[in-house]
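Read through the structure below, which is laid out as structure tokens, and then see the notes.
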Amino acid sequence: MNEFESIEKELKSLTPKNPSPQLTDRIEQGLGDAGNLAMRRLPEEIKSPSASVKSNLTFFPWLGLGIAASLVITFLSVYFWENRGNEQFAPSSVRSTSPQVSLYEDPESPIHGVSVAELEAQSGMPVGGWLPTFQERLLDRIDEGVISRPGRLPARQVRMHYIDEILWQHPATNKRILSTQPRQEIILIDLDLY
Amino acid sequence: MINTEPIWKSWFARHGSRLLLFARQQARNPHDAEDLVQEAFVRIWRLYGHTGEVAPGLVYRAIRRLAIDWARSLDRRIIREQKTFELTPLSSSFEYSLEKDEKQRALLRAVDRLPDEQKEVLTLKIWGELTFDEIARTLDLSLNTVASRYRYALQKLKDWVPEELDDPNPNLASK
């Protein structure tokens, strides 16, 4: 038996003071982008209902065609409605995510010359009234090692893989369409040599 | 929306108080100790944080090396730190509670009386939870030296705590 077991136990019962919140803030600022490279998902969010909706949707590959068509329809509908001077449509979120998209007639388009009413009839889906929700999902981060930069400090290059998701919801018909787009981002983190 | 949190936050919540305790011994000044922790942690996390886990020993070592660099570069700082150290003993770096019994207070007074080189080994072993091997690498000492200092420290505490309980204001110079 360790003769110092009792004193070790008493020492361990003493609790060092916690760092001040100011110190934590300073560290957060000091880390910058480097602080966000390794993230953990908060436990309560794992069972997020929106996540299950999305995972279910991704099991239906045939939705891809529908997504593309509905996006075209939605943008065209914005164009048509604006031309008619109708100020009631065009939700603010659409305007904010795609400001002043320049739309033009494309004779090559499969829906060229097709009216909105015909589109609705053919697709079986409403043209207006869709509300988009944007979400960015981090899929992977790859450490590509240290790179040298002439005349500057070396840096660690990290490639981030994201999926940008737009969930279009139509409250009136309770329809949902998920659009996904992959995106890459490269972050360079300055390395201090000491 | 999926909520996420940077891993460094939970890592720092777990190890931050221990790092600060060690830095207090290296800097001898509460403000410089915070600067040391910040600088050392940011440097190490920038190098290895992308993996999601960093061995605490790396940060302790960085604190130690930075403290030596800073002390060498600023002679005036040393004088100020030594003065501050007399005013801020290590025992002030622990959570204070009214319920803390007399024995714990006696233990803290005894810890304050330990020589610095034993105190830092004790800090890394008890609160830093490092192995003797990690402590030896952190302090650039041999394994035997680290183990001896730890044993001497515990022996002194074992002897001194009853003295502190009998006489809360002993003559420190005689110890």
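The values are calculated or read from the model by the stated rules, or taken from the named source; none is laboratory data. Being a predicted model, the structure only gives us computed values, none of them experimental. Ideal geometry is used to build each Cβ from the backbone, glycine not excepted, and the neighbour counts take in all protein chains shown. In case anyone asks, the SASA skips ligands and DNA or RNA and just uses the protein heavy atoms, side chains included. Shrake-Rupley method; radii C 1.70, N 1.55, O 1.52, S 1.80 Å.
Explain nothing, just the number: relative contact order of region B:90-170, from Cα pairs under 8 Å at least 6 residues apart, as a whole percent.
Relative contact order of region B:90-170: 37 percent.
Could you pull out the pairs from A:17/B:158; A:17/B:125; A:17/B:156; A:12/B:158 whose alpha carbons sit more than 20 Å apart here? Don't jump to the answer; show the numbers that get you there.
Working: A:17/B:158 24 Å; A:17/B:125 17 Å; A:17/B:156 24 Å; A:12/B:158 14 Å.
Check vs 20 Å cut-off fails for A:17/B:158; A:17/B:156.
With every protein chain present, what is the per residue accessible area of region B:90-170 (1.4 Å probe, Å²)? Before the final figure, lay out each step's value.
Values: 3930 Å² over 81 residues.
I get 49 Å² per residue for this part.
Divide, for region B:90-170, the radius of gyration over alpha carbons by 2.2 N^0.38 Å, where N is the residue count.
Cα Rg divided by the expected 2.2 N^0.38 Å: 1.16.
Take every residue in peptide B:4-14, count the Cβ atoms of other chains within 10 Å of its Cβ, and give the average of those counts. Walk me through the intermediate numbers first.
Working: counts 7, 6, 9, 6, 10, 6, 1, 1, 5, 3, 0.
Taking all residues of B:4-14 together, the mean is 5.
Quick one: 3J(HN,Hα) in Hz for region B:32-44, Karplus 6.51/-1.76/1.60 with θ = phi - 60°, rounded, Gly and Pro as x.
Residue by residue, region B:32-44 yields 5, 4, 5, 4, 4, 4, 4, 4, 5, 5, 4, 4, 5 Hz.
Would you mind pulling out the separation of the Cα centroids of region B:97-150 and region A:133-194, in Å?
Cα centres, region B:97-150 to region A:133-194: 44 Å.
Would you mind checking which residues have amide H under 5 Å from residue B:94's amide H? H placed 1.01 Å from N; only 5 or more apart, or other chain.
Counting only residues 5 or more places away or on other chains, the set is A:17.
Can you pull the mean other chain C-beta count within 10 Å for peptide A:149-156?
Numbers: counts 0, 0, 0, 0, 0, 0, 1, 5.
Across A:149-156, the average partner-chain Cβ count within 10 Å equals 1.
If you wrap region A:141-194's Cα atoms in a convex hull and average its projection over all directions, what's the area in nm²?
Numbers: hull surface 21.9 nm².
For the Cα atoms of region A:141-194, the hull's average projected area reads 5.5 nm².
Given the peptides A:111-123, B:32-44, arrange them by the average over their residues of other C-beta atoms within 10 Å, most packed first. Don't skip to the end; give the middle numbers.
Values: A:111-123: 12.5, B:32-44: 22.7.
Going by the mean number of other Cβ atoms within 10 Å, highest first, we get B:32-44, A:111-123.
List, by residue number, every residue in region B:44-58 with a reduction of 30 Å² or greater in accessible area between the chain on its own and the complete protein assembly, 1.4 Å probe.
So the qualifying set is B:45, B:46, B:47, B:50.
Chains A and B: buried accessible surface, both sides, probe 1.4 Å, rounded to 100 Å²?
Details: alone 14970 and 10980 Å², together 21100 Å².
Summing both sides, the interface buries roughly 4900 Å².
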